[in-house]
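**Q** Pasting a structure below so you can have a look.
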Amino acid sequence: MATGALKDITPYFVYLLLTATIGPLLFGYHLAELNAPQEVITCQKDSVSGNAISRFYSAIGSALRPASADGLLPHCIEMSSLQFGLVSSFFTLGGFIGALSGGPITAKYGRLRAMIVSGILAAIGPAFEALATNIGFLTAGRFIAGLGAGAATVIVPIYISEIAPPHQKGYFGSFTQVMINVGILTTQLLGLFLSRGQLWRIILGVGGAIAVVQVAALILGGQESPKWLVDNGKPSRAKRTLLKLRGHQANVEEEVTGWGLESERDANDEEETLLANEDRMHEHPDKGPDYDEQPDINRDEHGKRRSRVGRAGQRVENFTKTIGFLAVLQNSDYRPAVIAVVMIMVGQQLCGINSIVMYGVSLLSDLLEANSAVLNVAVAGLNLVVTLAAAPLVDKLGRKACLLFSIAGMGVNSVLLAVGIMKGLAPLSAIAVLLFVASFGLGLGPIPFILSSELVGAEAVGATQSWALAANWIATFVVAQFFPLVNEKLGKGQIYFIFAGFAVIFGLFTAWWVPETKGKRDADEVWGRGKRRERED
């Protein structure tokens, strides 16, 4: 980013950004945490590390393992590939439920409280995982961790879009995917060194420790979104929060106007109106909300009620009009956006990324032996680097162009990966995996998390995001549950032809249906509804 683009970035904004995105980090962490130690957890091997790494860390491993651990907890938990798929996919089932509930909770109770709740769940789940003695405990821990991660993937993108400077929403929106990749890289690194003996329990437990840090940071220094505050009748507090985010010398009038408030006076007037309305309701509980003691002042010559303070009065009426989970499908203005984000979220998974994130080590173990774990660390690192490097392109090239380039790259490299695995060509397989993941980081990774907040108005963002993430989690569940089985039945590698076919389908859908949101002021402009609104007015 250019230096001028950093003028609105304060240390407090960075603190909130990093604290909030620990939620997506934990999503990535738990998504990949079973990848490297899979064969150790399921009693197939005692270690998946290369000989040199194994010898180097044997002393550290002995120090980290409690002396009494052997008597308290089993070294491993015997599982078939089907059972292991079930344990992996229960994380996505919890994520699905968390995603469905995340939208309504964040709309009603605010972004900050919702993030704290999701963080608490993300701390409880890993405790079950790390201390698991059987499949049931391990599955329960994965499910609870999924609840927290699923809610976070709904809440955090909305929160970032509401605290980020207006002209860098795309850039900072990409940090959701960036932090997912940080989580994946972290767990792959730990897996490389700790996938031996009982040390896999440390990998699972670290996720809980990270969640505890997030909850503490949110409670001690967290801040509610200014947009949520103004939409819930607290505009003065919202403006104070915005000044704290941008710096007290910043000119925030343009953002305040974007909320539908013309000035600080407008904000104060609105808050006074809310308080006055509330007082009258307490004084005359039998009269209802339209009761007014001064009809000659507050009604026009036709007897119709006047707005008490112009635009502020309108905001009083509008801030409660949050669109529900089912209502967004019934409304013709919101339905195209829901279809767009749901399909893109499903495409994110059915193009095959989590086959590498969750099963890459075992998938490539026959070709690369011990180096498959090292390759997965390289894959996670590359994914992080590409997502960071490509983040500015989202605002420069546009969301749609990045999506199309990304999907095309994944489709081509799916074919190359299929050929590499089937023919036993280790170099081709390794290169295809790296390019496959790099293509994902270019667009299909970060952009789906941004679209929900750009394709609909603020009143429908929570519901739309819930639909999008629920679809994403269902697709993730399908890949997590059935990839090992289908890959085994078809023969290793052939499933990537199926992923390539999905890339063609979702690429065509994106080109036909998904609008460009770059540089558009609001959802009406994105969908070309501005002129229609003017005619209606």
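**Q** With respect to the cross-link table entries Lys169/Lys239; Lys423/Lys489; Lys108/Lys396; Lys396/Lys520, which display a Cα-Cα separation exceeding 23 Å?
**A** The answer is Lys108/Lys396.
**Q** Can you send over the solvent-accessible area of Trp467, 1.4 Å probe, protein chains only, in Å² to the nearest 10?
**A** Using a 1.4 Å probe on the heavy atoms, I get roughly 60 Å².
**Q** Oh, and also: Please give me the summed charge of the neighbours of Val328: other residues whose Cβ is under 10 Å from its Cβ, Lys and Arg +1, Asp and Glu -1.
**A** Net of charged neighbours comes to -1.
**Q** How much accessible surface area, in Å² rounded to 10, belongs to the heavy atoms of Asp46 with a 1.4 Å probe?
**A** Ignoring ligands and nucleic acids, Asp46 comes out at about 100 Å².
**Q** Using a probe of 1.4 angstrom, how much of the accessible area of the stretch 322-536 is carbon and sulfur, in percent?
**A** After summing per-atom areas, the C and S share lands at 67 percent.
**Q** Same structure again: Considering only the other residues whose Cβ falls under 11 Å of the Cβ of Val206, what net charge follows from Lys and Arg at +1 and Asp and Glu at -1?
**A** In short, -1.
**Q** Measuring with a 1.4 Å probe in the full set of protein chains, what accessible area per residue, in whole Å², belongs to the stretch 158-226?
**A** With all protein chains present, the stretch 158-226 gives 26 Å² per residue.
**Q** Ignoring ligands, DNA and RNA, please state the percent of accessible area on the stretch 68-143 from carbon and sulfur, probe 1.4 Å.
**A** 74 percent
**Q** Suppose accessible area is computed on protein heavy atoms with a 1.4 Å probe; arrange Thr133, Thr153 from highest to lowest.
**A** In descending accessible area the options line up as Thr133, Thr153.
**Q** To continue, here is another question. Rank Trp473, Trp513 by accessible area, highest first, at a 1.4 Å probe radius?
**A** Trp513, Trp473
**Q** Taking the solvent-accessible surface of protein heavy atoms with a 1.4 Å probe, what is the per residue accessible area of the stretch 478-525 in Å²?
**A** Here the per-residue accessible area is 54 Å².
**Q** Let me ask something additional. Which of the peptides 235-244, 404-413 is most tightly packed, and how do the rest follow, going by the mean number of other Cβ atoms within 10 Å of each residue?
**A** 404-413, 235-244
The values are calculated or read from the model by the stated rules, or taken from the named source; none is laboratory data. Keep in mind the model is a prediction, meaning the values are calculated, not measured. So basically every Cβ, Gly included, is an ideal-geometry build from the backbone, and we count neighbours across all protein chains shown. Note: areas computed on protein heavy atoms with side chains; ligands, DNA, RNA excluded. Shrake-Rupley method; radii C 1.70, N 1.55, O 1.52, S 1.80 Å.
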